Every structure is written in C-alpha cells, then in structure tokens.
Amino acid sequence: MAAMATMVAAGCGGVWCRARQRCARWPGPGSRPFLRAQRAVVCNARGGAVSAGKSGLAPWIPVVGLEIHAQISSNSKLFSGSRVQFAAPPNSLVSFFDASLPGTLPVLNRRCVEAAVMTALALNCRINKKSLFDRKHYFYADLPAGYQITQQRVPIAVNGSLSYSLCIDNKMSQMVTKTVRIKQIQLEQDSGKSLHDDTRSQTFVDLNRAGVGLMELVMEPDMCCGEEAAAAVRELQLILQTLGSSQAVMAEGQLRVDANVSVHHPGEPYGVRTEVKNINSIRFLAKAVDYEIQRQIQELGNGGTILNETRAFDSKLGCTVPMRDKEGKQDYRFMPEPNLPPLILYDAKSLPANMNHQQVINIDWIHERLPDLPSVKREKLVEQYGILPEHSFTLLSEDGLAEFFESVVKQTQMKPKKVIGWILNDLLSYLKQHSLTVKESPVSSFLLADLLNLLEKKEISSTAAKRVLAELWKGEGKTPLETVKEHKLELLQDQKELEQICQAVIDGQENEVMAIKAGNRKVLNKLIGLVQKKTQGRSNPVLVKQLLEKKLSE
Amino acid sequence: MRVLSLGRWLRAGLVLPGGPASRHSGDRHSGHRPQAPPQGPAQVLLQKVSVEVLEHLEQLALVDFRDSEGVERLQKAIQFADQLHEVNTDGVEPMDSVLEDRCLYLREDDVTEGNCTKELLENARETVEEYFVAPPGNIPLVKLEEQKTYLQGSK
C-alpha cells in the first residue's frame, strides 16, 4: 500500500498520496471532501497557528469540530406522552414505551419536529422535506431498548451555517464575525441516566430522561481554538433560547457539547482526532479544547502518537483523561426504524389540500413566525439607539439587559449613547459583583431612569450620581431624589456662592495660579479639584472651569 | 423485488425455487428467474466465517453460537442469503419500510403518560430506592476460543 502510494506520488506531486493517508487516519462520520485538508484554517484570536518554538519546526494548525446535543423544550417526550422535567423522583416520568416494554410503539411529537424546523431555519439549513428515522444499536444500562431512534441516513436538515462574533486580542472594541458550517441537524432520543456505585459494583438507572427529544447539531471542523468554540456555542445558545426550541442551559444538561480535536502541519492532511466529553460549561469548553490542543502538540512534538480515542474533561484538574469505558470502535449496526414511516414536511407550494391541519407541518408558516435572531436584534439596537456594536453584543449576552436598557431610554431624556455607559459600566458591574441576574436587580429601570433624569437636568453632578446609585443599590426603597436630599448631593445652584468659593481657591493657591498664567493649563484641573472638594462634590465641573478661567484672565 | 417473501424460506432453510419471484406485482423481473444454487458440498463454495467476525457478532448482538454446528448453520444461512445478489436490481429504489406510503402520525405535545413508577419497578429483579439496579458498565465477554462449548464442538 505504501509502495503504491509512493509510486503515485512521484507521478502527481504527492497530493493524491496525502489524500489517501488522510482518509485512512480519520474514520469520522461520513466522508470529508478532499479539498478540506488543504484549506489553511487560520485563527485570528489567540492560539491560532501555534508555532513550535525555537526548534524551527513547522507550526501546528489545530482543528476543532463540535457535536452538540440540545434538549428540545417540550411538555412531553419525542415518541411518548410522558413529561419532560428536570429533577423529578426517579422513574416517575417514564411510560411503558420509555421503559421499552414489549408491545409499545413510538408516536412522534409534533412540537419536537417544529422545534427542529425552527432551529434549522435559523441556522440557514436546507430542510429535507422527507427525512427518515433509524435505529442505532448499542448496549448500555440506560438504553433499555438496546437502540436509540435517530436520523442517520436522511436527517431533517443539512448544510447550514452559524455566524458568531469574537473579540480580537481581548479588546471589546475589535470584533470579528466568523462562520462555522453546520453539517446536519437530526432528531433523536435521549438516554436515561446512570449513577455509578463503584464501591458496590453496581449502577443505578433512572429513565426519566430516556426518550426526551434531542436535536443533534453536527458542525464541520471549521474552528481552531477554545475561544472560537466557546463563542460559537454561546451564540447557538442565544439563538436556541430566542427561538424557544431549547432552553439550552448547560448546567442542567439541556445543552451538551462534545469536541473533536486534532492538529496538523500546514499543507498536510488532518491529524488523528480525539473526542472530548464531559464538558459542563462554556468556560470549560474553551479550557478543554485548548488543553487538548496543547496536549496533542506536546505529544507529537515528543515523537509520540495520538490515539483515536474518547477523553473526558476533568474540570478540577483542568485536563483531559482517557475514558476507559469506550473500548475500540463501536459498530452501531444502523437499520431503518421499521415502526415509523418517513417524516414529510410541507411548504406553501406543496401543502396538501385535504389533510387535517394538525397533521401537517408547513415550513413556510414556521418561517414567517420566527422571532428576530440575536444578530438581527443587535443590528437593530445599533441602528435605533446609535450605540456601538460591542455594546449591543454585551446587551444581548445578559438575559434581560437589552430590555432593561430600552426601558430606561424610554423613561429618560438622556441620550441612549450616554445611558449605555450607565448600563454597561455601572449597573452591569454591580450585578456581576453580586452574582445577580438583571431580573434580580435591586435598582429597577424606573429608578435608574429617574436618577439619570436628575443628572440630565444638571441637578446633580455625575460623581454625585454614582454615589446615589451606590445608595440605591442597597435596595432600601428610597427614590433618587430622596437619596440626593438625604446626603446633600445637589449641585450648588447659587452662582454667587460658587464664585466666592472659586475666588477663595484662587487666593489660596498662588503657585498654581502663576503656573496657569505662565501657560500651564493642566494645573487648572487641580484648582477645579480643590473647588470640588470644598463644595463636597456639589459643583458642576464645567461651570467651575468657566468661572476659574474667567477669574484668572481678569 | 420484494425481499420479505424470502423470510419464510430462510427460516425453513430451504433452497429458493424459481417460482415465487415471478408472482410479484409489477412483474419487473418477468424475464429473469433466479437459479437454484448447485447441489452437493463439492460444488458449493463455503466461505469460512473467521473467529474475529464471530466474536464481533457475539459482542454486538449478544448471541451465543455455542459450538461448531451453530457456526456452520450461520455459514449456510449466509450462503443462502447470498443468492440475493443474483437478482438484478438496477434502477430499483430499495424499500426499507412497508410503511413508506403511510402518513406519519403527529401527536400533540400533551402529557398523557408516566407516573407509574411502582408498576415499572415490579418488573425489575433488583431495585434500590426507586432506581433500577444494573451491573457496572459493560462487562467484556469471554473470548470465543476460550469458551468450553466451542472447543468441544470443533473436534
């Protein structure tokens, strides 16, 4: 085989030879097109083409592909009428079908199909109007039937894309948009949960989760580092939550991500990949991917080889370890699910005339009712309020923050461009410090708008406003005005009094006055500061500056 | 050509006669009659199923071929099924379900089942606090060659 390859290589420049090597080394699901290995995958964020350092070897290009399982948000399961609920008494949400008792048959849940169609449309996929169900066989205690009903041959949707934004070099001001291709989306059943009791050599099985509808999203290996993977998953999470097709909370297992990682030299075929599982948060996803990339580079740099294996991410140690339970390659013996006819979806053109509406799923009808996706919402915020894209990005990353912002803008005369600073710098940092969500904020949009109005009307200075906000944060129920009066934070409105104070400061700072008159304008700030001190922050700095300048020029 | 009619014949272990194929609707292969394979062990090409394949099958399907007689029956079954290759299926879409023309019924998303923990657990040999109890992980099977029954039968 090798000899033949060398012979051919001599004839056609080695390119064909490499393609054959690649196919042998990457037994992935489905075939990968020939040209993929030659496309340079360059990461703009940190950790892109990783150089091997002083040894002068060629740099390594990491390749990351994700397989994501999103639990469909529905009342009942994919093929049975038992309830979908997190944390219920063991085996209480299990029907006879879920327990795989003989004589039971699967009945498809309409809502699950609609959720998959919505997701596919949001991700620009081509929807297969006819898709098929298959059985994937393997033995495990939490899979009572011995097989999982999935869609292997013809899934419900293929060939989509997901666009996400990434900050370059940690600066929020520079954001790039990247795209990852979606290979396919398929409907499948979830398995039950196993709790291992190693001391007594037994496993406890809870089938509450068995049969819950999942959408499996397979992404092409278009990413090259942990940061990209994390950003892509975060965007997907926002999209799913906006659509309502999945609540996508990773901590509750509603969004599960497996990462396929490999490294190779530029121009060479893809390396052997490993699959990383047991990733429980977006932060850990980035860590796990980056660790695995480094581990592979080190291993290969030391002359070792990478095994095509499954590894688990240990969040405590921050590393990946081999998973012992998965031995060798699995042969799933896929076969068509004999109890389910093909799933047919319709659009406006192909809608059958005489069918019961409840039995028909119209793709166009669903498309018309899709809500605005996060990317569209962001653009609208930028356009409507004149804020920067990165501000808009942050607004949508926090649940409820965009609505809070819009509510404040409605209730205040302050310009949105100024309001956004208060929302992102002040409110958000308070929330983060105290680990609160927007909904739990002790300062309501009404209170904040009230405060900003005082500032806008120049009744208080911005320093005073920050103090008031700190007081409001205590949640004692006082209004901004009450707080201002209580702490005597109002701006001095009496011009004469202000002039007197300015004069007093000038009289007391001979050296500084001379420096200013000599041309050093910066020293003026010191004088302004002194006036502020004397007035206990109750003077308008702009006005003070004007007064001082007027007096100094006399 | 519908595959299902062979099911009966496979179980009976009989050789496929030329008749049944032409009875089918559509009459797509009216001109072609599958031939019965030549009789007699001397003319039959028996492909030996390797031990690796047997082990693989046992692990995948959890069947037990038990002894050489079981393995031989498997080999004969494979040989019998290989006759399918003699049928010309050019331009014919494979059928993978008798339900292909039926409508897939869509159920409303209502909770109608569940809450039968007690009934379900009654079927289990061992339970602990409303959990089913299973052995740990996947226990590896004993290798085929080490099984006593296999060794006995292979003399």
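Nothing in this text is a laboratory measurement; each read-out follows from the coordinates by a stated rule. Just so you know, these numbers come straight off a predicted model, no measurement behind them. Virtual Cβ from ideal backbone geometry, glycine too; neighbours counted across all protein chains shown.
Rounded to the nearest 20, the size of the Cβ-charge dipole of the stretch A:374-487 about its Cα centre is 260 debye, with Lys and Arg at +1 and Asp and Glu at -1.
If each DSSP helix of 4+ residues adds -39,500 (n - 2.57) and the sum is divided by the residues in chain A, what number results at 222 nm, nearest 500 deg cm²/dmol? Could you put the intermediate results ahead of the total?
Details: 18 runs with 200 residues, N = 554.
Theoretical 222 nm ellipticity from helices: -11000 deg cm²/dmol.
Legend: ranking of residues A:M250, B:M95 from fewest to most surrounding C-beta atoms inside 10 Å; resulting order B:M95, A:M250.
A dipole drawn for the stretch A:193-272 from +1 and -1 charges on Cβ atoms has a positive end, and of A:V212, A:G271, A:V257 the residue lying farthest that way is A:V212. Put simply, the amide H of A:Q247, placed in the peptide plane, has neighbours under 5 Å in A:S73, leaving out anything fewer than 5 places away on its chain. Straight-line reach from A:K136: taking Cα to Cα under 17 Å and skipping same-chain neighbours fewer than 8 places apart, the lysines in range are A:K326, A:K329.
Taking every residue in A:104-110 and counting other chain Cβ atoms within 10 Å of its Cβ, the average works out to 3. Against the main long axis of the alpha-carbon atoms of chain A, helix A:495-508 sits at an angle near 80°. Arranged from fewest to most other beta-carbon atoms within 10 Å of their beta carbon, A:L132, A:L307, A:L395 become A:L307, A:L132, A:L395. Neighbouring Cβ atoms from other chains, within 10 Å of the Cβ of residues in A:335-345, number 4 on average.
Shielding value for B:113-125 is 6, the average number of Cβ atoms from other chains within 10 Å of each residue's Cβ. Annotation note: trypsin sites (Lys or Arg not before Pro) in the stretch A:381-470 located in DSSP loop regions with a Cβ neighbour count of at most 15 within 10 Å are A:K457, A:K458.
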